[in-house]
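Every number in this text was worked out from the coordinates using simple rules, so none of it is lab data. Bear in mind that the values here come from a model prediction, so they are computed numbers and not experimental data. Cβ atoms come from the backbone with ideal geometry, glycine included; neighbour counts cover every protein chain shown.
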Amino acid sequence: MFGTALMIVGGVIVVAVVAFWLIGERGSIMLPATWKSMKAYGIKGQLNLQGLHAYIYGRWTKQYVKFLINDVFPRLKSQGKKWLADRYHGKVLTQEQAREIITLNRDIPLRDLEQIIPYPIARDLVLHGPPDIVAYECACRHARSNPCQPTRVCMVIGQPFTDFILQHQPTKSNRLTQAEALELLHAEQSRGHMHSAWFKDALYGRFYAICNCCKCCCGGIEAMMKYGIPTLAPSGYIAQVDRSLCTACGSCVQACPFQAVSMNEDGIALDWQKCMGCGVCVESCPAQARSLVRDEGKGLPLDVRLMA
């Protein structure tokens, strides 16, 4: 009796998922990328609603992220904060690390991920090279009344995500060559923005995007700085200053997304705990007095060159 009831409930869930997908597809036959995603998740992924969750995230990314920023983050208690971070989190990347992922030319299995990404997902991952890359409108920037420009700065990485976004968001996305992706990275760095690799449990529990984040709009930075949700893991580096070159102009204080740099009577001071090793202060320093150095206390870098 219980088994029969369970099968009925499972059938209802699958029918509900398919119906929701059809509504999302505007009542038409499902787009090829949707079928591909459904098959990738399989029956188990539909029953546990992971497939539906992924569909909602990809189909209505702007609304999803806006809901997180405005309604979920402010209401989370301590246990909820850890639960969310375990399922939706990013890894800060240096410019060089981001470039290496974009220019990957062969498949690389990532190792020691528990030291790179200190969360319970994404333990078994292969980065495929050369990567399939799509530029996508930043949902965090679109959630703001006066967002930083430009807004098409998120880079979706790999199948089936890239095809899904291109087919469902044709006016909000475009495919990138490696050269175009590198140009986007460089342009965002020159604007004082940081790079981060994002993982989400609903999206096969794997890496799916490189975001170019500004401290004014980024929901991940806001979740961490304003609400204490540990959504970002440090790059594995920390900033240092050459005091013989430093003029104490304060540019790095203004630029730091994590409020890790301050001024005192001795000049520039760094809060080790807050520094995420993003390199924004390095780029902003007119005296070229700042640099990034490896720090084992900040975990291992997401550096594909070291993982071959």
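What the table shows:
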| read-out | value |
| --- | --- |
| Reported label for calculated Rg and Dmax of the Cα atoms in Å given (i) 23.3, 78; (ii) 20.5, 78; (iii) 19.6, 60 | (ii) |
| Centre separation in Å (Cα based) which lies between segment 36-95 and segment 218-296 | 28 |
| Partners for Lys36 among aspartates and glutamates (Cα-Cα distance below 20 Å; same-chain residues under 8 apart left out) | Glu25, Asp132, Asp163, Asp201 |
| Prolate/oblate/rounded call for segment 237-296, Cα gyration tensor, a/c under 1.5 rounded | rounded |
| Spin-label pair Thr171/Thr103, simplified geometry with 7 Å Cα→Cβ offset, distance in nm | 3.7 |
| Additional length obtainable on full extension of the chain from Gln115 to Ala187, 0.36 nm per residue less Cα span | 22.9 nm |
| Gained length - Ser145 relative to Gln259, 0.36 nm times residue gap less alpha-carbon distance | 38.7 nm |
| Positive dipole terminus of segment 164-206, leading residue within Leu176, Ile165, Ser196 (C-beta point charges) | Ile165 |
| Proximal aspartates and glutamates relative to Lys200, as straight alpha-carbon distance under 13 Å, when same-chain residues fewer than 8 apart are discounted | Asp86 |
| Percent RCO, i.e. relative contact order, over the chain, from Cα pairs under 8 Å lying at least 6 residues apart | 20 |
| Entries of Lys66/Lys172; Lys62/Lys298; Lys81/Lys172 with Cα pairs more than 23 Å apart | Lys62/Lys298; Lys81/Lys172 |
| Under-5 Å amide H pairs with Leu104, H placed in peptide plane, nonlocal only | none |
| Net charge dipole size for the chain [Lys, Arg +1 and Asp, Glu -1 on Cβ; Debye, nearest 20] | 880 |
| Full-stretch length increase - Gln159, Ser78 - with 0.36 nm per residue and alpha-carbon distance subtracted | 25.7 nm |
| Cβ-based exposure ranking for Cys252, Cys278, in which fewest neighbours within 10 Å come first | Cys252, Cys278 |
| Cβ-based exposure ranking for His142, His168, His186, in which fewest neighbours within 10 Å come first | His186, His142, His168 |
| Across Lys77/Lys215; Lys39/Lys91; Lys226/Lys274, pairs whose alpha-carbon gap is larger than 18 Å | Lys77/Lys215; Lys39/Lys91 |
| Prolate/oblate/rounded label for segment 64-233 (Cα gyration tensor, a/c 1.5) | oblate |
| Mean separation of Cα contacts under 8 Å (6+ apart) over length of segment 64-233, as relative contact order % | 31 |
| Hypothetical label at Thr247: residues of segment 277-293 whose amide nitrogen lies under 20 Å (7 Å Cα-Cβ projection) | 280-291 |
